[in-house]
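Following: one structure in structure tokens, then a few remarks.
The values are calculated or read from the model by the stated rules, or taken from the named source; none is laboratory data. All figures in this text were calculated on a predicted structure; none of them were measured in a lab. Cβ atoms come from the backbone with ideal geometry, glycine included; neighbour counts cover every protein chain shown. These area figures cover heavy atoms from the full protein model, side chains too; ligands, DNA and RNA do not enter into them. Shrake-Rupley method; radii C 1.70, N 1.55, O 1.52, S 1.80 Å.
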Amino acid sequence: MAEPQSAGASAGKLVIRNIGLLLSGDLGQPILDADTLAAIDGKITAIGKAEDVDAEKATTVIDAKGTALAPGLIDSHVHPVFGDWTPRQSQLNWIDSFLHGGVTSMVSAGEVHLPGRPRDVVGVKALAITAQRAFDGFRPSGVKIHAGAPVIEKGMVEEDFKELAAAGVRLLGEVGLGGVKSGEEAKLMVGWARKYGIQSTIHTGGPSIPGSGLIDKDVVLEADADVIGHINGGHTSLPLDQIRCLCEQCKRAIEIVHNGNEKAALFALHTARELGELHRVILGTDSPAGSGVQPLGILRLIALLSSLGEVPAEQAFCFATGNTARMRRLASGLIEAGRPADFVLIDKAQHSAGRDLLDSVRLGDLPGVGMVVIDGQVRIGRSRNTPPAERVAEVTKA
Ligand SMILES: [Zn+2]
């Protein structure tokens, strides 16, 4: 998927030294044996030991001070509207607050909270194209918002999907939030979307708010969308035996959300692990929503799944980075040469009982965010939202 274009990458060379722990985002090898990273013009060029990475001619140098570096977190399930405003809870600057929670990319599951959201086919298409354009042209605080996700309605035909794709739309909003609720109808439209390169997500579970409806396992299986959206409900979960069926029978992404049922989240995680398919697990907040807006939602999910779900913390970070990148075909989310230089620098929170960062997350504590970098540009220093990190990275040359 193409990255939103605006707020372009920083020109020049960035070198980050003294990285204490390098989290790759790749479940196959979540920790890299490296302490130095270089990026040129916003793209990663080298990862290795200090003596092996060419640090000459750096225009920006960051001393990580022994803290951990991870790919910027990806929220796989948000409901933006326009700009950094949500009418759902009447909040401004919610995306900036997520940046302070380590999130550098977001994927829209539909711009459903727009007051007066159109339901007719031409209106649905116009809104999707407008949202795609608006977030491509404006990145709130530098965060990449993949938006323009139409919620399918009855009466849409193949030509509509072809037209949306030609106009730059790459996502479908949650199937089931519009008038299309049957598996048969959804399957047809999801198939058309897929034919033209548009990725789909389906709402799973009971209604989220008055006006939305139940989508059970039979509908999810028949529709066969690319992402089993909030498999743990948003908030009302399907019975656990249906969640097991979905994990076993549908080979698509298993999306766990913050604004869902925590018991069902842990059940889905355990089932994916039993199947040896943790690479399918991706994380979202499903916010803004009735449950609110959670700037630390992705970090909270990582801590929940690591502590109560008994997953090593370095693996839980992969759910919110590399897994999402691969399942959603995003450039960001992995520490690899050629990928965007989107990073979060974190450390154990002050006074956590954990021995170190990973141990603290395993105990259920949130890490402290000390710096966030997007496209090679330092966007923030110490987070205003997380508990304070013990150590904080510092820009030593700018
Ligand atoms: Zn939903």
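Tabulated results
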| quantity | calculated |
| --- | --- |
| Theoretical ellipticity at 222 nm over the chain - DSSP helices of four or more residues, -39500 (n - 2.57) apiece, nearest 500 | -7500 deg cm²/dmol |
| Per residue solvent-accessible surface (Å²) - the chain, probe of 1.4 Å | 36 Å² |
| Among Val175, Val61, Val122: highest mean-square fluctuation, GNM of the chain, C-alpha pairs under 10 Å | Val122 |
| Residues whose placed amide H lies under 5 Å from that of Thr67, excluding near-sequence neighbours | Gly20 |
| Peptides ranked, highest mean first, by Cβ atoms within 10 Å: ranges 361-369, 378-386, 188-196 | 361-369, 188-196, 378-386 |
| Rounded to whole Hz, the Karplus (6.51, -1.76, 1.60) HN-Hα couplings of the range 137-145, x for glycine and proline | x, 9, 9, x, 6, x, 5, 7, 10 |
| Choice from Ala253, Ala55, Ala303 with maximal GNM fluctuation in the chain (Cα, 10 Å cutoff) | Ala55 |
| 17 Å Cα-Cα reach of Lys195 towards lysines, excluding residues that sit fewer than 8 places from it in its own chain | Lys162, Lys187 |
| Separation between Cα centres of the range 81-116 and the range 223-302, rounded to whole Å | 20 Å |
| Alpha-carbon centroids, the range 364-398 and the range 156-213: separation in whole Å | 37 Å |
| Listed residues Leu246, Leu27 arranged by accessible area, highest first, probe 1.4 Å | Leu27, Leu246 |
| ³J(HN,Hα) computed for each position of the range 239-250 - Karplus, 6.51 cos²θ - 1.76 cosθ + 1.60, integer Hz, glycine/proline x | x, 4, 5, 6, 5, 4, 4, 5, 4, 6, 9, 9 |
| Potential lengthening between Ala331 and Val122 on full extension [0.36 nm per residue; Cα-Cα distance subtracted] | 72.1 nm |
| Reachable lysines, given that their alpha-carbon falls under 26 Å from the alpha-carbon of Lys65 and they are not under 8 places away in the same chain | Lys13, Lys43, Lys49, Lys57, Lys348, Lys397 |
| FRET efficiency for Val395 and Leu308, using Cβ-Cβ distance with R0 set to 30 Å, rounded to 0.05 | 0.25 |
| Leading residue at positive end of dipole, the chain (Cβ point charges), from Gly322, Gly83, Leu37 | Gly83 |
| Rg/Rh ratio calculated on Cα atoms of the range 89-208 (Kirkwood radius) | 0.98 |
| Nearest-20 debye value, the range 56-120 charge dipole, Cβ charges on Lys, Arg, Asp, Glu | 120 debye |
| Among Thr204, Thr86, Thr321: highest mean-square fluctuation, GNM of the chain, C-alpha pairs under 10 Å | Thr86 |
| Cα-only radius of gyration and Dmax that characterise the chain, units Å | 20.1, 62 |
| Test item: Cα-centred dipole of the range 1-99, Lys/Arg +1 and Asp/Glu -1 on Cβ, debye | 200 debye |
| Carbon plus sulfur fraction of accessible area for the chain, probe 1.4 Å, in percent | 51 percent |
| Dipole magnitude of the chain about its Cα centre (Cβ charges: Lys, Arg +1; Asp, Glu -1), debye to nearest 20 | 520 debye |
